[in-house]
Amino acid sequence: MNIHEAKTHFSELVAAVERGEEVLISRRGKPVARLVSAKQPEAEPRTRIFGRFAGQPFYMSPDFDDPMSEAELARWLREHNADEQSTDS
């Protein structure tokens, strides 16, 4: 569709895009723009594969769920706060 037609039929083009169509706009027969939906297509949920790691060695430290020491907690809080501040900017 050329630019003049696109301007003339803009409302119709937007409706077509809302239905999932893609509109190519040309100038002097050469494509210059593509009109697509601003709405991102929904990603398909990832399928979980149960038993994916079956038979593979797995190690869990006996103290994996022990409370953190004061030093570990202080380090974690510093790192967590630094991460939080970097995402706020």
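The values are calculated or read from the model by the stated rules, or taken from the named source; none is laboratory data. Note that the structure is a prediction, hence the values are computed from the model and not measured. When we count neighbours, we look across all protein chains shown, and the Cβ atoms used for this are built from the backbone with ideal geometry, even at glycine. Ligands, DNA and RNA are excluded from the accessible area calculation, which covers all protein heavy atoms including side chains. Shrake-Rupley method; radii C 1.70, N 1.55, O 1.52, S 1.80 Å.
The fraction of accessible area contributed by carbon and sulfur in the chain is 53 percent, rounded to a whole number (1.4 Å probe; ligands and nucleic acids excluded). Note on the chain: helix-only mean residue ellipticity at 222 nm, from DSSP H runs of 4+ residues weighted -39500 (n - 2.57) and normalised by residue number, equals -11500 deg cm²/dmol. Multiplying each eigenvalue of the alpha-carbon gyration tensor of the range 1-87 by 5 and taking the square root yields semi-axes of 55, 22, 11 Å, largest first, rounded to whole angstroms. Computed from Cα positions, the angle between helix 70-88 and the longest principal axis of the chain comes to roughly 10 degrees. Neighbours of Arg34 by Cβ distance under 14 Å: Lys/Arg scored +1, Asp/Glu scored -1, total 0.
Taking a spot 7 Å from the Cα of Val36 along the direction of its beta carbon, which residues of the range 1-17 have an amide N less than 15 Å from it? Taking a point 7 Å out along Cα→Cβ of Val36, the residues of the range 1-17 whose backbone N falls under 15 Å are 17. Taking every alpha-carbon pair under 8 Å whose residues sit at least 6 apart, the chain reaches a relative contact order of 17 percent.
Mind giving me the FRET efficiency for Phe50 and Ala15? R0 is 41 Å, r the Cβ-Cβ distance, nearest 0.05 is fine. Working from the Cβ atoms, E equals 0.40.
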